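The block underneath contains the structure these notes are about, expressed in structure tokens.
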Amino acid sequence: MNDLPDLPAVLAGDERFAALADMWASRLAAIDPQDILVRWIERVDVSLLPLLAEEYSLLDDGWELAETEQAQRAMLQGAIRLHRIKGTPSAIREDFRMLGLGEVVIEEGRAGRRRDGAFRRDGFAVRGQRQDNWAEYRIKCSRQLSIKQAAAARRLLASVAPARCHLVEINFTDAALIRNGYARRDGTYTRGSV
């Protein structure tokens, strides 16, 4: 057995180890490399995606919002980057982007705003000093979310957003429902914020 891979001379001369090496060489030759390359996210079997999500700790980071296979693969590909920036506003934006929920605007701090016309008086801003309510924020979505998606997004924000912050609302009044047949009045959608 001259073609035994990387066996030390002591083991290559022993018949028992040579037989064992032959057996493993034949078994490894029979395995398709595509089946064992699970980190190749574009090519891995669909049934393994939830297992990879668990391995990358994505089950709490919005995995349930990734409804399509393409969204799940995109989330897996961005998992390491997402964990690097977790706890920052960029992580919130990136997660919403990866899940296909559109772009978001994050408004932080409810109090201490000047009445100079720079913000809309829509119930988010409250009276008080800048140091009051500084940790409260809201998300303004550019896309309509169902009540189920908004509840999942709240759970996502609890694990991705900075720990010091408190979510007041997810607002999508800019993407409010219109009567075009997209959504029915069956309790699936709300009229602007959750």
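Rule-based calculations on the coordinates, nothing more; no lab input. The model shown is predicted, which means the values in this text are computed figures rather than measured ones. Every residue, glycine as well, gets a Cβ built from its backbone with ideal geometry; the counts of neighbours run over all protein chains shown.
Cβ under 13 Å from Val160's Cβ, Val160 left aside: what net charge do those residues give with Lys, Arg +1 and Asp, Glu -1?
Details: positive: Arg81, Arg84, Lys86, Arg93, Arg97, Arg154, Arg155; negative: Asp60, Asp61, Glu94, Asp95.
Computed value for this residue: +3.
On full extension, the segment bounded by Ala111 and Thr88 gains 6.2 nm, given 0.36 nm per residue less the C-alpha separation. Using alpha carbons only, the radius of gyration of segment 9-175 set against its Kirkwood radius gives Rg/Rh = 1.26. Between Gln70 and Ala9, full extension at 0.36 nm per residue minus the direct alpha carbon distance yields a gain of 17.0 nm. Between Ala158 and Leu48, the modelled labels are 3.2 nm apart [label points 7 Å from Cα along Cα→Cβ]. In this structure, the amide hydrogen of Ala125, modeled 1.01 Å from its nitrogen in the peptide plane, lies closer than 5 angstrom to no residue at least 5 positions away or on a different chain. Note on segment 9-175: with charges restricted to the Cβ of Lys and Arg (+1) and Asp and Glu (-1), its dipole about the Cα centre is near 1360 debye.
A Förster radius of 45 Å combined with the Cβ-Cβ distance from Asp122 to Trp40 puts the calculated FRET efficiency at roughly 0.45. Rounded to the nearest 0.05, the FRET efficiency derived from the C-beta distance between Leu28 and Glu103 at R0 = 45 Å is 0.40.
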